[in-house]
Amino acid sequence: MNLQYEFPEGFWWGSATSATQIEGAAKEEGKGQNIWDYWYSIEPNRFFNNIGPETTSDFYHQYKKDIKLMRKIGHNSFRFSISWSRLIPGGRGKVNSKAVAFYNNVIDQLLENNIEPFVNLFHFDMPLELQNEGGWENREVVEAYAVYARECFRLFGDRVKKWFTFNEPIVPVEGGYLYDFHYPNVVDFKRAVQVAYHTILAHVKAVESFRHFHIKNGKIGIILNLTPSYSRSQNPADLEAANITDLFFNRSFLDPVVLGNYPKELVHILQKYGILPITQKEDFELIKNNTIDFLGVNYYQPRRVKAKENLPNPYGVFMPEWFFDNYEMPGRKMNPYRGWEIYEKGIYDIMINLKKNYRNIESFVSENGLGVESEEKFLKDGYIQDDYRIEFIKEHLKWLYKAIEEGCNVKGYHLWTFMDNWSWTNAYKNRYGLIAIDLNTKKRTPKKSAYWFKDVATYNGF
Ligand code: BGP
C-alpha cells in the first residue's frame, strides 16, 4: 500500500467515551446518583428532547459485543472512564463489588481483543452526595477523590497502564460555575477559580499516589481541551486579549500539570481583581513535584478574540469576558449543528506549542470529532454515508502528521467517539460516532467512516 501519510510505528488508533455517556444502567447494581442523574430528575427540560443519562447505548450490558466491534474497525486502544458513583456509591466508603466486576470485565475483554485500555477517573460526573458537600469548592472532596483514585490504581493497575486523572477539568468550572451549562449552575468568577484550583490539587494528589504504586510501565496524565487563542489582528490590544484568554482557558491547567507551576501573569491578574483561591503552603510543593508523564489533547475548535470594545457585558457581572470580546472571523468554516468553528490547523499549532514551551511532552489527540444533527438524512444503502466526517478527520490528521514530521512527540489519535452517545445537555442531538445506534432497538450499524477508519488504523496511515 502506497501511503502519503504514514504514521509512526505503534501509533494509537481508537476512540474515546465516558461512563455517563455510554453506560446506561444509571440505577442498576448499586450505582449511586451523580450530578447528571440528579439534575435530570429535577430539570429534565434542560436536556435536548428531555432525554436523560438513563437512555444510552447501554454499554453496561453490551460491552462484549461493542468491544468486538471496536476490534473489527481497527482499534488498538480505547478510552473509557470509571464512574465514581458506580464504584463508590456516595463518593466515599465501601467499594461496590458489582462495579468492580463490570470494570474488570471491560478491561479483560479489551485486552483479549488486543485493545489497550486508556482509563480516565473523572469525566464531569461528581457523585451527588459530594456535590451536596460543595463539590470541588470543598477541599475535603479533594481528599475523597484522592482515595477514589487510589482504589482504582489498586484494583485495576495490574492491567491498566495508561491512566488519566481528569477529562477537560475546565469544563465543570465553566459549565457549573461560570456559564450555567452544568449543575450546580452557579455564576461566580471567584468561586469558579476556587473550583479550578481544587481540581488541580485533586489531580496532583492522584499523581502522587500513582507514583507510590510503581505500576510497571504505567503512565499517568490528564486530558485537556486546549483551544488555541487567535487574536483578530496584530494590534497590541488584540494580542493582549488573546494572551489573557490563553492564560485563563489553557495555561491555568496546562502550566501546573506539565511544568509544575502557575503562570505569574495569571496569578497577578487574579490577585489584582481579588479572586485568588484559598491555598495552603504545602500545595505548591505538591504541584511542583507531581507533573504528568503524558498529555491527552482534546481539540474541537479554536478561540478567536479581540480587545474589549466597551460593548455591554453579556453577563452583567464580573466574568472572564471582562477582559476580551469574542471575534467571529469572516469566512470561517463552521460546524453549523454545534456552532463550533472548524479550523484544522489548530491541532498543529497546539502540538508545536507543546514542543516549544512544554518540554515536548508525550501527547496524543484524545478527542476530536464532528457532531452532526439528523444524520439519518445521509442514510443510503442501509448505512450512513458520512463523507463529511471522513473529510474532517483526514484534514486534522494531515496537520497532525506535519506536527510529527516537525518533531512533535505525538503518539496517537482517538476520535470522539466510538458510537453515537448521550451528550450532556445536548443529549442525542448531535451524533459523533463511527457506529450509529437505533435508540429503540439499540441496534449498532457502522457508518462509512467506520470502514474508512479501519483502513487508516490497519495501514497506519492513508
Ligand atoms: C467534550 C467532552 C465529551 C463530548 C464532546 C462533544 O468536551 O469531553 O464528553 O461531549 O466534548 O461535545 P458535545 O457532546 O457537547 O457536542
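Values quoted throughout were computed directly from the atomic coordinates according to the rules given, and no laboratory measurement underlies them. In this text, all values refer to a predicted model and were calculated from it rather than measured experimentally. So basically every Cβ, Gly included, is an ideal-geometry build from the backbone, and we count neighbours across all protein chains shown.
The string of couplings for segment 320-336 from the Karplus curve (6.51, -1.76, 1.60, θ = phi - 60°) is x, 5, 4, 9, 7, 10, 6, 10, 9, 5, x, x, 5, 8, 10, 8, x Hz, one whole number per residue in order, with x for Gly and Pro.
In the chain, helical runs assigned H by DSSP with n ≥ 4 each contribute -39500 (n - 2.57); averaged across all residues and rounded to the nearest 500, the mean residue ellipticity at 222 nm is -11500 deg cm²/dmol.
Highest mean first, the peptides 401-409, 346-354 sorted by other C-beta atoms within 10 Å per residue fall in the order 346-354, 401-409. Within the shell of other residues whose beta carbon sits under 13 angstrom from the beta carbon of Met319, the net charge comes to -2, with Lys and Arg scored +1 and Asp and Glu -1.
Which net charge results for the neighbourhood of Asp37, defined as the other residues with beta-carbon distances under 13 angstrom from its beta-carbon, given Lys and Arg at +1 and Asp and Glu at -1? Charge balance in the 13 Å sphere: -3. Candidates Asn114, Asn426, Phe249 compared by Cα position along the dipole of segment 12-459: farthest toward the positive end lies Asn114, with charges placed on Cβ.
Kindly rank 238-245, 38-45, 98-105 from highest to lowest mean number of other beta carbons found within 10 Å of each residue.
Taking the mean over residues of other Cβ atoms within 10 Å, the ranking is 238-245, 98-105, 38-45.
3J(HN,Hα) couplings calculated from phi for segment 363-372 with the Karplus curve 6.51 cos²θ - 1.76 cosθ + 1.60 (θ = phi - 60°) are, in sequence order, 9, 7, 7, 9, 7, 5, x, 10, x, 10 Hz; Gly and Pro show x. Shape analysis of segment 28-76 based on the Cα gyration tensor places the equivalent ellipsoid semi-axes at 29, 14, 8 Å, largest first. Annotation: amide H-H contacts under 5 Å for Glu116 (H modelled 1.01 Å from N, sequence separation of 5 or more, or interchain): Ser77, Phe78.
Amide H to amide H, with H built 1.01 Å from N, Asn225 comes under 5 Å of Glu168, Ile170, Asn298, counting only residues 5 or more places away or on other chains. Straight Cα distances below 17 angstrom link Lys216 to the lysines Lys161, Lys162, with same-chain residues fewer than 8 positions distant left out. For the chain, the C-alpha radius of gyration sits at 0.93 times the compact-globule guess of 2.2 N^0.38 Å, with N the residue count.
The DSSP beta bridges internal to segment 12-459 are antiparallel in roughly 25% of cases. Centre-to-centre separation between the Cα atoms of segment 308-366 and those of segment 36-97: 29 Å.
Within the shell of other residues whose beta carbon sits under 13 angstrom from the beta carbon of Gly296, the net charge comes to 0, with Lys and Arg scored +1 and Asp and Glu -1. Amide hydrogen proximity for Leu439: with H placed 1.01 Å from N in the peptide plane, no residue at 5 or more positions away or on another chain lies under 5 Å.
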